[in-house]
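The values are calculated or read from the model by the stated rules, or taken from the named source; none is laboratory data. Bear in mind that the values here come from a model prediction, so they are computed numbers and not experimental data. Heads up, the Cβs are rebuilt from the backbone with ideal geometry, glycines too, and the neighbour counts pull from every protein chain shown. Keep in mind that these areas ignore ligands, DNA and RNA; they rest on the heavy atoms of the full protein, side chains included. Shrake-Rupley method; radii C 1.70, N 1.55, O 1.52, S 1.80 Å.
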Amino acid sequence: MGKWFDYILQICNWGVALLLVFSKLAGYVNPNTFIIPSYLGLAFPILVIINIIFAIYWIYRFKATFFIPLFALLFSAGNIFKTFPTNDNETTLPDGLKIVSYNTQLLDFYKSKDKNKILQYLIDSDADIICLQEFGYSFKTGALSQKDIDQTLGKLYPYSHKLVEKNSWNGVNGLITYSKFRIISQNKVEYTSNNKTIYSDILYQGDTLRVFNCHLESNKLTRGDKLLIKKLGGKDIDNGQLVKQLYVKMGNSYRKRSEQAEAIADVINSTRYPTIVCGDFNDVIISYSYQTILGDLLKDAHTESGFGYNYTYHENGFFFKIDHILHSKEISSHNFMVDRLNYSDHYPIRCTLTFPNSKEVSQK
């Protein structure tokens, strides 16, 4: 029984090791060409953990089989350190630009200004630039209005760049970038579907920064879809039909995001200014859309100055890091953080960005 058990485990181990190895393709293979690697990229953290468990098990059993997961983990080391960085939290920060990016789920506009915790968080953040996705306000009496937001945030942020549209909840939703520094130009990235990427040229310390605020195509998974996913393998649902349904729905979203990412990358590559990219990519680090936007010109604030997995989406037992802050290579990032606030289905992310010759100051 023991030999057969180990034999079955070896087969399973070969399977998850190969899946981990092939997940590397997710960052480089366009979903419009071949979709399977995209799903492996989404599963990357789970594949890493399973291979670590296998390695520990085989070492405990004194089996040479531990080389199987070990090879897969070493082959994926670069992506592992990008996904699970191990930077120390700095106690002394340079005097830099404080950035917050947050998918606010319509800014929780059902609550009035006095009860709105998201607004209070944004005030308390003391950020210099705030990029909000799923920004919104309501036309209904007693709910959060445009006037409420302007009176609250307008005093702190005299400059803003907004792209919104009316929605079926009797309000608006879209994107907005708030800045304490003058916005000298406002544009949007042109692509065919779900146009939700803007970029603002901001005058900062005598130089121009280009700040992108992105919200890429959603997977459009309903709450019901997510609950069914958690029941996969159960007897009370049609597992085959559910997998097919999810495969089609998510596949279409992967393909749309790849096109959007390429359009964003085209603008980044033609930009002569230092660049900051914030937003909800709806994709993890090991993905084509993320890698396309990152390209050869940008770095990831999480990889450079964060610690641990730092997932940003947290609904119905799903925990993915799909919100990102990227920046030009000449810019340095410090203390990337995820604030665990349950005001939206996303957590806000923040960091401090510095430029050459920044002065160090004590962290509060």
Point to revise | Selection within the stretch 1-30 - at pLDDT below 90 and open to solvent by less than 60 Å² (accessible area, probe 1.4 Å) | key: GLY2, ASP6
Review point. Which ranges mark the helices (runs of 4 or more DSSP H) fully within the stretch 221-299 that have 2 or more residues being modelled with pLDDT of 95 or more and of a type in the set (Asp, Glu)?
Key: 239-269
Exercise for review: Output the residues belonging to the stretch 322-356 that are farther than 26 Å from ASP207 by Cα, in contact with a helix residue (DSSP H, G or I) (Cβ under 8 Å, 6 or more places away or on another chain) and among the aromatic types (Phe, Trp, Tyr).
Suggested key: TYR343
Check your understanding: So which of THR352, THR303 is assigned to a helix (DSSP H, G or I) and either touching a strand residue (DSSP E or B) at 6+ places or on another chain (Cβ under 7 Å) or open to solvent by 20 Å² or more (accessible area, probe 1.4 Å) (or both)?
Key -> THR303
**Study point:** Of residues in the stretch 169-204 being basic (Lys, Arg) and closer than 24 Å to GLU262 by Cα, the one surrounded by the fewest Cβ atoms within 10 Å (Cβ to Cβ)
**Key:** LYS188
Check your understanding: Which residue out of ASP150, ASP128 is charged (D, E, K, R) and in contact with a Phe, Trp or Tyr (Cβ under 8 Å, 6 or more places away or on another chain)?
Key -> ASP128
Check your understanding: Given the stretch 35-82, what helices (runs of 4 or more DSSP H) lie entirely inside it while holding 3 or more residues that are open to solvent by less than 60 Å² (accessible area, probe 1.4 Å) and more than 30 Å from LYS256 (Cα to Cα)?
Key -> 44-60, 67-75
Revision key, fill the gap. Exactly one of ASP345, ASP296, ASP323, ASP280 is out of contact with any strand residue (DSSP E or B) (no Cβ under 7 Å at 6 or more places or on another chain) and either open to solvent by 10 Å² or more (accessible area, probe 1.4 Å) or of a type outside the set (Ser, Thr, Tyr) (or both), and that one is ASP296
**Study point:** Checking SER270 against (1) within 25 Å of SER185 (Cα to Cα); (2) touching a residue at least 12 places away in the same chain (Cβ under 8 Å), the condition it does not meet
**Key:** (2)
Exercise for review: Please verify whether the stretch 14-26 includes one or more residues that are farther than 25 Å from LYS321 by Cα and touching a residue at least 40 places away in the same chain (Cβ under 8 Å).
Suggested key: yes
Study note, to complete from the structure: Considering the stretch 141-168, residues that are of a type in the set (D, E, K, R) and in a helix (DSSP H, G or I), and then whichever is most open to solvent (accessible area, probe 1.4 Å), we arrive at LYS147
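Conditions tested, residue by residue: (1) acidic (Asp, Glu); (2) open to solvent by less than 70 Å² (accessible area, probe 1.4 Å).
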| position | (1), (2) |
| --- | --- |
| LEU106 | no, yes |
| LYS117 | no, no |
| ASP128 | yes, yes |
| PHE135 | no, yes |
| SER138 | no, yes |
Revision key, fill the gap. Reported set for the stretch 99-128 where residues are free of Cβ contacts under 8 Å to residues at least 12 places away in the same chain and of a type in the set (Ser, Thr, Tyr) is none
